[in-house]
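Colleague: What follows is a single structure, and I will ask about it in a moment.
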Amino acid sequence: MNKLAFPLAIIALIISLASFFYFKTNSAQVYVDVNKLMDGYKRTAIVKKQFEVKANTLKANVDSLLTDWQKELKDYEKERSSMTKKELDLKQQLLSNKQQQLNNYQQAIQKQIQQEDQKVTQTVINDINDYVKDYGKKNGYDIIFGASGSGNIMYASDASDLTSVILEGLNAEFEGK
């Protein structure tokens, strides 16, 4: 009988360890729809409006400079018949230089607008990530997946979707409630 107790104790120990690890790794898996969070988060709309105002101001400045250059070009076309060869060459060089400067400025503004857009988007993403991380810690989740519609989560039951709960809390925190 004593010979049988030791192997049974080992088997019981193995079964208990296996069940512990099996149940430990099978915690509830949940996800949030990142696109819905981005769209529904109230701060997103606010920072996008601020960005659009800034971008439109920069674009209007470029448009104004472009209009000035085009007016100068039209004036040149009208006056060129009365200009000397040297004046024509100088005016053409001046217009060409202004066009190049305008193109460079336009590219710099486009780059600045792209950087501002990325900065604004990253600020919102950081807010969402920080909130989801805190929410997960407070509610005992081991992992919260982020679905973005690009195939990283192919199927999940509706019960696993925390998007509305997260969005509600995120907006409440943003509004200071």
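Laboratory data are not the source of any read-out in this text; all were calculated from the coordinates shown. Note that the coordinates shown come from a computational prediction; the quantities given were computed from them, not determined experimentally. Virtual Cβ from ideal backbone geometry, glycine too; neighbours counted across all protein chains shown.
Colleague: Checking the cross-link filter: which lysines have an alpha carbon closer than 19 Å to that of K119, excluding same-chain neighbours under 8 positions apart?
Modeller: Partners found: K42, K48, K49, K54, K59, K111.
Colleague: Another one. Report, ordered by chain and residue number, the aspartates and glutamates lying within cross-link reach of K133, taken as a straight Cα distance under 16 Å and ignoring same-chain residues fewer than 8 apart.
Modeller: Straight-distance partners of K133: D33, D142, D161, E168, E173.
Colleague: Loop only per DSSP, at most 14 neighbouring Cβ atoms within 10 Å: give me the chymotrypsin sites (Phe, Trp or Tyr not before Pro) in the stretch 81-176, ordered by residue number.
Modeller: Details: sites: Y105, Y131, Y135, Y141, F145, Y155, F174; in loops: Y141, Y155.
Qualifying residues, ordered by number: Y155.
Colleague: Related question: Work out the charge dipole of the stretch 94-133 with +1 on the Cβ of Lys and Arg and -1 on the Cβ of Asp and Glu about the Cα centre, then indicate which of T121, Q100, Y131 is farthest towards its positive end.
Modeller: In the stretch 94-133, that residue is Q100.
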